[in-house]
Amino acid sequence: MPEPIHAVSPLATDIPAGLDVDSIVATVRETGVSAPADEEAALSAAVARAEDHGIDLSIVIVPNEPRHDSQLRDLATAVGAREGGTVLVLSPGQVGTFSDSISRVTLEAGQDRTYTGNHIVAADNFVDTLVEDQTPWGLLTGGLIVVVAAVATLTAVVKARRFRARATAPESANRDSGEN
């Protein structure tokens, strides 16, 4: 059995072969989109719509499928590390994302809506997910904590009353039986 790898530092990213990250970053820096010319205008519209909602989005189209879908996430991370904001990377059948401001949960929810086979529809679906109202998990969690604390307090009060009632019950029963 092979020995496990014990990494002291993170392993290197794995970018799909044949891609020039510097070129992609330069293109994204100028237009917000690195894509074939026939898709660039429609993808730029998705970038503009995201920007209207305060989201700094970049979209990168990879023409071929990578070996692993994690390579697209690594590419998104590499572009995002240089440009910041949120990065959506699409290949014909896979997706990768990065964001310095949007939660991984929201990014993955958006990713789930990108598997359409059409980059433009996929980008629009992704932006729809980012701009729609999100579940207020912090508020829901806080409310749940308050409810649990209230139930625990109520339970403690009821148990304390029952305990006191049982503790005083034998004394009053003994007094009642002695008076007869």
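In whole percent, how big is the carbon plus sulfur part of the accessible area of the chain, probe 1.4 Å, protein atoms only? Working shown, then result.
Values: 6510 of 11590 Å².
The value for the chain is 56 percent carbon and sulfur by accessible area.
Can you tell which of Ile55, Leu43, Ala17 lies farthest toward the positive end of the dipole of the chain, using +1 and -1 charges on the Cβ of basic and acidic side chains (Lys, Arg; Asp, Glu)?
Most positive-ward Cα: Ile55.
Say the dipole of the chain comes from +1 at the beta carbon of Lys and Arg and -1 at that of Asp and Glu; which of Gln71, Thr153, Leu88 then lies farthest toward its positive end?
Of the options given, the answer is Thr153.
Pull out a ≥ b ≥ c, the square roots of the eigenvalues of the alpha-carbon gyration tensor of segment 54-97, then state rounded if a/c is under 1.5, prolate if not and a/b is larger than b/c, and oblate in the remaining case. Working shown, then result.
Values: a/c = 2.61, a/b = 1.78, b/c = 1.47.
In terms of gyration-tensor shape, prolate.
Among (1) 1.08; (2) 0.95; (3) 1.43, which one is Rg/Rh (Cα atoms, Kirkwood Rh) computed from these coordinates?
(3)
Which helices, counted as full DSSP H runs in the chain, have an axial Cα extent of no less than 27 Å and a Kyte-Doolittle average of -1.0 or above?
Values: long enough: 137-179 (63 Å, 0.35).
Helices meeting the criterion: 137-179.
At 1.4 Å probe size, with every protein chain present, just tell me what the per residue accessible area of segment 91-174 comes to in Å².
67
The values are calculated or read from the model by the stated rules, or taken from the named source; none is laboratory data. These numbers come from a predicted model, not from an experiment. For neighbour counting, all protein chains shown are included, and Cβ atoms are generated from backbone atoms with ideal geometry for every residue, glycine included. Accessible surface areas use protein heavy atoms only, side chains included; no ligands, DNA or RNA. Shrake-Rupley method; radii C 1.70, N 1.55, O 1.52, S 1.80 Å.
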